[in-house]
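Everything below concerns the one structure shown next.
The values are calculated or read from the model by the stated rules, or taken from the named source; none is laboratory data. Just so it is clear, the model here is predicted, and its values are computed rather than measured. Counting neighbours? That spans all protein chains shown, and the Cβs are built from the backbone with ideal geometry, glycine included.
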Amino acid sequence: MTEKRCYYCNRPDGKGPRELRPYGPGGAYVCAECIMGDLEKDNAAAKQFAEMLDKADGKTGSAVLTPEGPIPYINKDQS
């Protein structure tokens, strides 16, 4: 298994106490410390998350919270 690293700082667990999230370019993992305070990176992360939700379920736009961060949720009962 490949070790997850922040796309920007390349640290295995990122720079701070928060876990890595798959909101970087193309779904790459990023740490909050690398994107917070940088408007361009923060906007790109928000866009990546929105795209994940859109791909998962255009009807509900919901997510399941996991230790890895919010994961788009598809409710099979609503199909």
Residue within segment 21-31 that is among the aliphatic types (A, V, I, L, M) and at pLDDT 90 or above present: yes
Residue match in segment 52-75 (condition: more than 19 Å from residue 4 (Cβ to Cβ) and modelled with pLDDT of 75 or more): no
Selection from segment 1-43 of residues that are assigned to a loop (DSSP other than H, G, I, E, B) and surrounded by 19 or more Cβ atoms within 10 Å (Cβ to Cβ): 6, 7, 8, 14, 20, 22, 23, 24, 29, 31
Cross-chain or 6+ apart pairs with Cβ under 7 Å, segment 1-24 first and closer than 12 Å to residue 35 by Cα, then among the β-branched types (Val, Ile, Thr) and at pLDDT 85 or above: 6/30; 7/30; 8/30; 20/30; 21/30; 23/30; 24/30
